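Have a look at the structure below, then the notes.
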Amino acid sequence: MIHIPKAEYTRRRKALMAQMEPNSIAILPAAAVAIRNRDVEHVYRQDSDFQYLSGFPEPEAVIVLMPGRQHGEYVLFCRERNAERELWDGLRAGTEGAIRDFGADDAFPITDIDDILPGLIEGRDRVYSAMGSNAEFDRHLMEWINVIRSKAHLGAQPPNEFVALDHLLHDMRLYKSAAEVKVMREAARISCAAHVKAMQASRAGLYEFSLEAELDYEFRKGGAKMPAYGSIVAAGRNSCILHYQQNDAVLKDGDLVLIDAGCEIDCYASDITRTWPVSGKFSPEQKAIYEIVLASQEAAFAEIAPDKHWNQAHEATVRVITAGLVKLGLLQGDVDELIASEAYKVFYMHRAGHWLGMDVHDVGEYKVGGEWRVLEVGMALTVEPGIYISPDNQNVAKKWRGIGVRIEDDVVVTKQGCEILTGGVPKTVADIEALMAAAR
Ligand code: GLY
Ligand code: MN
Ligand code: MN
C-alpha cells in the first residue's frame with residue numbers, strides 16, 4: 001500500500017515547530033468518535049491536522065509540540081493498552097507504541113492529561129491551537145489554563161497569548177510534498193478505475209445506487225477505506241442538483257448520468273466528475289453542452305502554472321462557457337457584458353475548483369493580502385467546470401432542460417504547468433462512447 005512514510009511526519013512536526021514563536025506550545029486533539037445510532041459508530045476518520053502531524057490513527061489522543069524542550073519536543077497523549085477493550089474493539093498503540101511506532105519523544109495515558117498537561121503549558125508564553133473548531137476541546141484547554149492561573153500565587157506562569165494554529169499549519173498543508181503527490185496519484189488511479197467501471201456498467205433500468213455500488217467496489221478493492229465524500233450519482237434532471245446525494249433514481253435511456261466521486265488513500269482525497277449518457281450515446285443537445293464544458297476545462301488547464309493566479313482558471317472557464325452558451329442561443333447578448341453582469345450564473349453557478357488534499361475541499365487561503373493567490377509548485381486543486389440547465393427553466397427550449405454536465409479532474413502545479421492526476425478515465429465524447437460501446 002502506498003502511504004506517507006513515517007519520516008515525513010517527523011519532518012512536518014519539525015517544520016511547524018521551526019515556525020512557532022520561541023517558548024510556545026501547540027496542542028491538537030484527535031477527531032472524536034461519532035455515534036451513528038445506538039451502539040453503532042460512524043467509520044472513524046482522523047482529524048486531518050492531527051493526521052498530518054502524527055499519522056496516528058486512533059481517537060482519544062492529543063498531540064503536544066513544545067519546540068526546544070529538552071526532555072522531548074513531541075508528546076502524545078493516547079489510550080493505554082487494554083486487553084479487554086482490545087478484544088472487543090481492536091488493537092491500540094498504547095504509550096509504548098506511540099513512542100516506538102509513531103515517533104513520540106514521550107507518551108502518557110490520555111486519562112492523565114488533566115494532571116500532566118497544565119504542567120507542560122505552564123511557563124510557556126504562547127499556546128497554538130485550532131481555536132473555534134472543537135468547542136469541547138476549547139473548553140478543556142481553558143480548564144487547563146485555569147488550573148495554572150489558580151496557582152499564580154504560587155508563582156505559576158500562565159500563557160498570555162493564544163494563537164490560531166491554522167494559519168501556519170494550513171499553509172504547510174497547501175504545498176504537497178513528493179510523498180503526498182504519490183499518495184494522491186494512487187487515490188486518483190483507483191478513482192479513475194472506479195469511474196471506468198461505472199461507465200462500463202451503465203444501463204437503462206439500473207438505479208443510481210447500482211453505479212454507486214460499482215464505485216464502492218473499486219474503491220475498496222484498491223485499498224481505500226472509504227470515499228473522500230458522499231458519492232454523487234445523479235441521473236437525468238438530478239444532474240442539475242450540485243450536491244445530489246439521494247442516489248436512488250432509475251437510470252433512463254436518453255438521459256445523462258453525472259458521477260462525482262473519489263476515494264481517499266491514507267487520508268488524501270481524489271475528486272473526479274464524469275458525465276455520460278446512460279445508454280452510451282450522447283444526443284445532439286447533450287453533446288453540444290458537453291463539448292463546451294470540456295473546452296472550458298481545457299482552457300482552465302492552460303491557466304494553471306506557477307505565477308498564474310488562483311482565479312485565472314476560473315475566469316477561463318467562465319469565458320468559454322459564456323461564449324458557448326451564446327453560440328447555442330441559451331444566452332443572448334455580448335459575451336463581455338454577459339460575463340460582467342454574471343448572466344452565465346444561471347447555468348454555471350459554482351467556481352471552477354478548490355484546493356485538494358487531506359480534505360476534499362482542502363485548507364489554504366485563496367487570497368493573500370486581498371489578492372488572488374499566485375500558484376506555486378506543489379499546490380493541488382480541482383478543475384471542475386459545469387453547465388446545468390434547470391428542468392424548470394422556462395427561458396430555454398424544452399430540448400435543453402434537465403441537462404447537467406460537470407467534468408472534474410485533479411491537478412498538481414508543476415514547474416512547467418500542471419500534472420493531471422486523473423487522466424485515467426476517458427472524457428472526450430468519442431472516447432466515452434467507444435468505452436461504453438465496447439462494454440455492451
Ligand atoms: N465533490 C465535491 C466537489 O466537487 O467539490
Ligand atoms: Mn471538487
Ligand atoms: Mn467533485
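Figures for the structure shown
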item: For residue 346, solvent-accessible area (1.4 Å; no DNA, RNA or ligand), Å²; result: 90 Å²
item: Percentage, to the nearest whole number, of Cα pairs in the stretch 87-146 over 14 Å apart; result: 68 percent
item: Heavy-atom accessible area ranking, 1.4 Å probe, most first, across 163, 75; result: 163, 75
item: Isotropic mean projected area of the C-alpha convex hull, the stretch 291-440 (nm²); result: 10.9 nm²
item: Residue-normalised accessible area of the stretch 101-245, expressed per residue, 1.4 Å probe, Å²; result: 47 Å²
item: Reciprocal mean inverse distance between Cα atoms of the stretch 118-232 - Kirkwood radius, Å; result: 18.6 Å
item: Sulfur and carbon atoms: percent of accessible area, the chain [1.4 Å]; result: 52 percent
item: Cα-based Rg and Dmax for the stretch 302-377, where Dmax is the largest Cα-Cα distance (Å); result: 14.5, 42
item: The chain, Rg to Rh (Cα coordinates; Rh as Kirkwood inverse mean 1/r); result: 1.04
item: Paramagnetic reach from residue 14 (point 7 Å along Cα→Cβ, amide N under 11 Å) across the stretch 31-71; result: none
item: Per-residue HN-Hα couplings for the stretch 406-419 [Karplus 6.51, -1.76, 1.60; θ = phi - 60°; Hz; x = Gly/Pro]; result: 9, 10, 10, 10, 10, 10, 10, 5, 10, 4, 8, x, 8, 9
item: Sequence of 274, 79, 189 from largest to smallest accessible area, 1.4 Å probe; result: 189, 79, 274
item: Accessible surface, the stretch 287-361, averaged per residue in Å² (probe 1.4 Å); result: 42 Å²
item: Stretch gain in nm, segment residue 7-residue 430, where the contour uses 0.36 nm per residue and the Cα spacing is subtracted; result: 147.8 nm
item: Inter-probe distance in nm under a simple model that places probes 7 Å from Cα toward Cβ, at residue 242 and residue 204; result: 3.2 nm
item: Spatial separation of Cα centroids for the stretch 122-198 and the stretch 26-79, in angstrom; result: 10 Å
item: J(HN,Hα) series, the stretch 298-308, from Karplus relation 6.51 cos²θ - 1.76 cosθ + 1.60, nearest Hz, glycine and proline x; result: 4, 5, 5, 4, 5, 9, 10, 6, x, 6, 7
item: Highest average packing first - 124-133, 431-440, 377-386, Cβ atoms within 10 Å; result: 377-386, 124-133, 431-440
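The values are calculated or read from the model by the stated rules, or taken from the named source; none is laboratory data. Everything numeric here is computed off the predicted structure, so don't read it as measured data. Please note: Cβ atoms are built from the backbone with ideal geometry, for glycine as well, and neighbour counts cover all protein chains shown. For accessibility, only protein heavy atoms count, side chains too; no ligands or nucleic acids. Shrake-Rupley method; radii C 1.70, N 1.55, O 1.52, S 1.80 Å.
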